[in-house]
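Below: the structure, in structure tokens.
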Amino acid sequence: MMRIVIVGGGQAGINCAQNLAKNLTEADNTEVVVLEKSSHFYHTLGAARAHVDADYTNKMFVPYDNAIPKAASKYVRIERAVATEIAPEKNEISFRKIDSNDKKSGVVEKLSFDYLVLATGSTYTSPIKPDSIDYRRVATEAKLQEVCTEIEKAGKILIVGGGAVGCEMAGQIKGKYPDKSVTILEAHNELLSRNKLTDKFYALLHAALDAMKVEVILGERLTERLTGNCFEKRTVYTDKGTPIESDIQLLCGGVKPVSELVQNMDPSMVTGHGSIKVNDQLQLDDEKYVNIFALGDSSNHDTPKMAFWAADQAKFLAAELAAVVQKKQDGFSKSYPKVQTQAAILPLGSGGVSQLPVWAVIEDSSASDEFTRTLLA
């Protein structure tokens, strides 16, 4: 029996498993195993809302119970475990199981693979994403409750980081608490600087933030480096001497690819920024690793680092893997299509801005709420 092992049950990993469940049958004699350390899928796209709406916390945790259709459960399964080592010369991955009490087993087990998919994602400020060390649901819930309470108490809020998360956070706060003072500090000269968006998008974005009375400071960074959220009334200074007074400081930046498995396997396969090096086929960028792939935030592929595209990469790779397993094609020669026009929907309170590429200012975010949750990370 052939085996495909997927490390990570986030957007990329779970979508890859679900698409393999659709594309394969029991007759293909192939097992798909997902190694995921958490008990629940964490709904990262709803994190900004959960920062101002305590009742939304329960919706942030989605059980994996129904992630795989029952019809495919004989050949696709999710194993709660943390991967610890890749042995490419043996086509083996080592892991430690995690029990229902969040206790990691002291026993290291091994699993052979024919194909390995690394969908390890990235780390981010908790609770926008669960803490990489203490990823228990109870710990993340406690952090959500804490930040929700601190935002409610604060009069002046500083958001450090003007990417999609920082802008959405500002919109959620002003939407719930219009009288609070909110400032976004972004080190680059434009918001969402990592994204390939047009001048019209940025004009609409700034107009929307202005209408909500969100102050935006561009091209400046703090003289001190925040390592997480800070709930302390103080005045901080930028590298250009600008003083910013706030009651709390929210860090909405510092995304870091999770690539330790590959770093320990072969350091040459990781960039200086910590991303896993891949080729156009999403394989590790060395011929000796043709059966190992990396998706989403963990890789250095130039696809935008958004949930929508991570899921799309997963769908693409699942189709390729199924075609090879079913002997419909020899090897992996098809390149993942380059993104020509970047799509984005950015919720801002009850409204938002979109590039689909049909331009619009969203007047009622509830109408696009579900689409938003699958598009923007």
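The values are calculated or read from the model by the stated rules, or taken from the named source; none is laboratory data. Computed from a predicted model, the values in this text were never measured in an experiment. So basically every Cβ, Gly included, is an ideal-geometry build from the backbone, and we count neighbours across all protein chains shown.
The number of residues in region 221-259 that are at pLDDT 95 or above, closer than 25 Å to ASN300 by Cβ and not in a strand (DSSP E or B) comes to 4.
Which of the residues belonging to region 329-377 are among the aliphatic types (A, V, I, L, M), at pLDDT below 50 and over 21 Å from GLY296 (Cα atoms)?
First pass over region 329-377, keeping only residues among the aliphatic types (A, V, I, L, M): 339, 343-346, 348, 353, 356, 358, 360-362, 367, 375-377.
Filter again for at pLDDT below 50, leaving 358, 360-362, 367, 375-377.
Those that are among the aliphatic types (A, V, I, L, M), at pLDDT below 50 and over 21 Å from GLY296 (Cα atoms): VAL358, ALA360, VAL361, ILE362, ALA367.
Only one residue in VAL82, VAL62, VAL5, VAL32 is assigned to a strand (DSSP E or B), modelled with pLDDT under 95 and in contact with a strand residue (DSSP E or B) (Cβ under 7 Å, 6 or more places away or on another chain). Which one? Quick ask: steps written out before the conclusion?
Values: VAL82 fails: modelled with pLDDT under 95; VAL5 fails: modelled with pLDDT under 95; VAL32 fails: modelled with pLDDT under 95.
After applying the criteria, what remains is VAL62.
Would you tally the residues in region 121-144 being charged (D, E, K, R), part of a loop (DSSP other than H, G, I, E, B) and touching an Asp or Glu at 6+ places or on another chain (Cβ under 8 Å)? Total satisfying the criteria: 1. Taking region 172-191 as the range and being assigned to a strand (DSSP E or B) and either under 21 Å from the mean Cα position of the chain (by Cα) or crowded, with 23+ Cβ neighbours inside 10 Å (or both) as the test, the residues that pass are VAL182, ILE184, LEU185, GLU186.
Within region 68-91, the residues that satisfy the criterion of being among the polar types (S, T, N, Q) and either free of Cβ contacts under 8 Å to residues at least 12 places away in the same chain or touching a Lys or Arg at 6+ places or on another chain (Cβ under 7 Å) (or both) are SER73, THR84.
Going by the conditions given, is VAL324 touching a strand residue (DSSP E or B) at 6+ places or on another chain (Cβ under 6 Å), β-branched (Val, Ile, Thr) and on the phi < 0 side of the Ramachandran plot? When the stated conditions are applied, VAL324 does not pass them. Scanning region 323-348 for residues that are buried (at least 22 other Cβ atoms within 10 Å of the Cβ) and touching a residue at least 40 places away in the same chain (Cβ under 8 Å), we see that the one that is nearest to ALA170 (Cα to Cα) is LEU348. Taking the numbered list (1) in contact with a strand residue (DSSP E or B) (Cβ under 6 Å, 6 or more places away or on another chain); (2) of a type in the set (D, E, K, R); (3) modelled with pLDDT under 95 in turn, ASP297 passes all entries but (3).
One residue stands out in region 192-207 among those that are hydrophobic (A, V, I, L, M, F, W, C) and out of contact with any helix residue (DSSP H, G or I) (no Cβ under 8 Å at 6 or more places or on another chain): the one that is nearest to ILE173 (Cα to Cα), namely ALA207. Just one of (1) touching a residue at least 24 places away in the same chain (Cβ under 8 Å); (2) closer than 30 Å to THR149 by Cβ fails for ALA21. It is (2).
Could you please let me know if SER132 is of a type in the set (Gly, Ala, Ser), within 21 Å of the chain's Cα centre (by Cα) and modelled with pLDDT under 95? Walk me through how you get there before you give the answer.
Details: of a type in the set (Gly, Ala, Ser): yes; within 21 Å of the chain's Cα centre (by Cα): yes; modelled with pLDDT under 95: yes.
For SER132, the condition - of a type in the set (Gly, Ala, Ser), within 21 Å of the chain's Cα centre (by Cα) and modelled with pLDDT under 95 - is met.
Whenever a residue of region 171-185 is in contact (Cβ under 8 Å) with a residue 12 or more places away in the chain and outside the structural domain of ALA48 (by TED's automatic domain parsing), its partners that are among the polar types (S, T, N, Q) and in a strand (DSSP E or B), lying with C-beta atoms within less than 9 angstrom and at least six residues away or across chains, give the pairs SER181/SER246; THR183/SER246; LEU185/THR238.
If you check PHE293 against the conditions, is it crowded, with 18+ Cβ neighbours inside 10 Å, closer than 23 Å to ASP266 by Cβ, aromatic (Phe, Trp, Tyr) and not assigned by TED's automatic domain parsing to the domain that holds SER193? Yes; evaluated as a whole, the condition is true for this residue.
Criterion first (part of a helix (DSSP H, G or I), assigned by TED's automatic domain parsing to the domain that holds ILE244 and surrounded by fewer than 18 Cβ atoms within 10 Å (Cβ to Cβ)) does ALA208 satisfy it? Here the answer is no, as ALA208 does not meet what is asked.
Looking at (1) part of a loop (DSSP other than H, G, I, E, B); (2) surrounded by fewer than 14 Cβ atoms within 10 Å (Cβ to Cβ); (3) polar (S, T, N, Q), which one does ASN195 not meet, given that it meets all the others? All conditions are met except number (2). Answer with yes or no whether LYS37 is modelled with pLDDT of 95 or more and surrounded by fewer than 16 Cβ atoms within 10 Å (Cβ to Cβ). The answer is no for LYS37. ALA72 meets each of the listed conditions (1) crowded, with 20+ Cβ neighbours inside 10 Å; (2) farther than 18 Å from VAL138 by Cα; (3) in contact with a helix residue (DSSP H, G or I) (Cβ under 6 Å, 6 or more places away or on another chain) apart from (1). For region 223-256, the set of residues classified as under 25 Å from the mean Cα position of the chain (by Cα), more than 22 Å from LYS176 (Cβ to Cβ) and among the hydrophobic types (A, V, I, L, M, F, W, C) consists of LEU226, VAL255, listed by residue number.
Identify, from the list SER94, SER132, the residue that is without any contact (Cβ under 8 Å) to a residue 24 or more places away in the chain, among the small types (Gly, Ala, Ser) and at negative phi. Walk me through how you get there before you give the answer.
Numbers: SER132 fails: without any contact (Cβ under 8 Å) to a residue 24 or more places away in the chain.
That would be SER94, the only listed residue that is without any contact (Cβ under 8 Å) to a residue 24 or more places away in the chain, among the small types (Gly, Ala, Ser) and at negative phi.
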